[in-house]
1. For the structure I just gave you, tell me whether residue 22 is closer than 28 Å to residue 159 by Cβ and out of contact with any helix residue (DSSP H, G or I) (no Cβ under 7 Å at 6 or more places or on another chain).
2. Looking at the structure I just gave you, is residue 129 closer than 30 Å to residue 65 by Cβ and of a type in the set (Asp, Glu)?
3. (1) within 12 Å of the ligand (Cβ to nearest atom); (2) out of contact with any Pro (no Cβ under 9 Å at 6 or more places or on another chain): which one isn't true of residue 134, the others all being true?
4. Out of all the residues in segment 188-198, is one or more within 12 Å of the ligand (Cβ to nearest atom) and not in a helix (DSSP H, G or I)?
5. Would a scan of segment 42-51 turn up a residue that is among the hydrophobic types (A, V, I, L, M, F, W, C), in a helix (DSSP H, G or I), surrounded by 14 or more Cβ atoms within 10 Å (Cβ to Cβ) and within 29 Å of the chain's Cα centre (by Cα)?
6. With a cut-off of at least 3 residues that are over 15 Å from residue 4 (Cβ atoms), name the helices (runs of 4 or more DSSP H) lying wholly within segment 55-159.
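The values are calculated or read from the model by the stated rules, or taken from the named source; none is laboratory data. If you're wondering where the values come from, they're calculated on a predicted model, not measured in any experiment. When we count neighbours, we look across all protein chains shown, and the Cβ atoms used for this are built from the backbone with ideal geometry, even at glycine.
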Amino acid sequence: MRIDIITVLPEMIEGFFNCSIMKRAQNKGLAEIYIHNLRDYTDDKYRRVDDYPFGGFAGMVMKIEPIERCINALKAERDYDEVIFTTPDGEQFDQPMANTLSLAQNLIILCGHFKGIDFRIREHLITKEVSIGDYVLTGGELAAAVMADAIVRIIPGVISDEQSALSDSFQDNLLAAPVYTRPADYKGWKVPDILLSGHEAKIKEWELQQSLERTRRLRPDLLEE
Ligand code: 6GU
């Protein structure tokens, strides 16, 4: 799949996509991620991407023209499944949304900034408005990185052990069971005996019980669905 991210701060997230699993997904040809600097789509010598709001409100508003130019240039090359806008008043991003979006061929993510963007962009160019949670960030770049990470990691082949993406917390509405590695006894802090028993069926049963107990205690809301 291909994700095009449009931002005024490309340097804020370029490093992120050049690391670890995001980098490997791209090197394996499983994901293509392009970060576009919105200022490259301006046509004035000041490379202005924002302007004063009508109505005399405080703050600046992102202009239509560079955004439309950038989105149109991308759309001229290929069809996009969604043109996403990151905004605190969008639909809440969650695992089911990540699962759905990971089936897309091509996605655009426009990062919100300043006080807002000219609302006509949202009315005419955006197909999906997404928030990553009930708090306010200074810009949509981290939200775009969060979404792209969650979407790309579940593309088959991105995580070598496919089971591990599927058996995660939230993928089945249960929190993950605790995991341990050596040493089995660290200064008296012991790994549960069952995990050292070699009894596979009993270990699976223990993991499920741990998942259920942790979910009931920490996130009872997940069990109500
Ligand atoms: Cl998508 N953008 C901003 N600026 N703040 C947020 C957000 C997005 N999601 C949660 N907070």
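1. No.
2. Taking the combined requirement at face value, the residue satisfies it.
3. Here residue 134 meets the rest and fails (2).
4. No: segment 188-198 contains no residue that is within 12 Å of the ligand (Cβ to nearest atom) and not in a helix (DSSP H, G or I).
5. no
6. 95-101, 119-124, 141-152
For every residue, the table says whether it meets (1) of a type outside the set (Gly, Ala, Ser); (2) touching a residue at least 60 places away in the same chain (Cβ under 8 Å); (3) within 12 Å of the ligand (Cβ to nearest atom).
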residue: 89; (1), (2), (3): yes, no, yes
residue: 98; (1), (2), (3): no, no, no
residue: 102; (1), (2), (3): no, yes, no
residue: 105; (1), (2), (3): yes, yes, no
residue: 113; (1), (2), (3): yes, yes, yes
residue: 118; (1), (2), (3): yes, no, no
residue: 121; (1), (2), (3): yes, no, no
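A quick yes/no check of all residues on (1) surrounded by 14 or more Cβ atoms within 10 Å (Cβ to Cβ); (2) modelled with pLDDT of 95 or more:
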site	(1), (2)
137	yes, yes
148	yes, yes
160	no, no
188	no, yes
195	yes, yes
